[in-house]
Amino acid sequence: MTGRRVYRYAGRDWPDPRNTRAWRTLRDQVVLEEPTCQLRIAGICTIVSTTADHIVPVVQRPDLAMTRTNLRGACRACNDARRDLPDGTLVTDRDHRPPALDLFG
């Protein structure tokens with residue numbers, strides 16, 4: 001496994017799967033199922049999902065790296081900016097009501 005990152009968790013080594021065919025297939029499934037960015041970080045979001053973001057980061061739970069329920073669609077800009085930060089620390093577009101919605105009260 002030379003060249004591949006390995007994470008230690010629960011008494012064993014977990015190789016990083018993100019450069020595998022299985023990962024690319026799962027990422028493509030996530031992007032297809034969630035075509036809009038779920039992170040929506042204010043000021044950088046491109047809206048269109050092109051990647052899969054790990055809800056619980058791989059560095060914390062490598063055993064969940066290939067678990068669909070731990071993934072959400074995200075644009076590259078938001079996914080790169082989030083890195084391993086908890087969701088609660090992010091300033092998202094969801095925190096601000098779009099002016100157009102004021103029409104509905």
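Readers should treat all values here as calculations from the given coordinates under stated rules, not as data from a laboratory. It should be emphasised that the depicted structure is a prediction, and the values quoted were computed from it without experimental measurement. Glycine gets a Cβ as well: all are built from the backbone with ideal geometry, and neighbour counts include every protein chain shown.
Put a dot 7 Å past the Cα of R83, heading toward its Cβ, do the same for N19, and the two dots end up 2.0 nm apart.
Residues whose amide H lies under 5 Å from that of C37, counting only those 5 or more places away or on a different chain, are I47, V48, S49, C75; hydrogens are built 1.01 Å from N in the peptide plane. Full extension of the chain between V91 and L32 gives 18.7 nm of extra length, using 0.36 nm per residue less the Cα-Cα distance.
For segment 60-70, putting each phi into the Karplus relation 6.51 cos²θ - 1.76 cosθ + 1.60 with θ = phi - 60° gives couplings of 8, 9, x, 5, 9, 4, 10, 9, 4, 5, 9 Hz, in residue order, rounded to whole numbers and with x for Gly and Pro.
With a cut-off of 19 Å on the backbone N, the residues of segment 54-80 near the modelled label site 7 Å out from T46 along Cα-Cβ are 54, 72-80.
Taking amide H atoms as placed 1.01 Å from N in the peptide plane, the amide H of Y9 lies under 5 Å from those of W14, each 5 or more residues away in sequence or on another chain.
Based on the Cα coordinates of segment 6-104, what is the per residue volume of their convex hull in Å³?
109 Å³
Residues whose amide H comes within less than 5 Å of that of A42, counting only those at least five positions distant or on another chain, are V91, T92, D93 (H built at 1.01 Å from N in the peptide plane).
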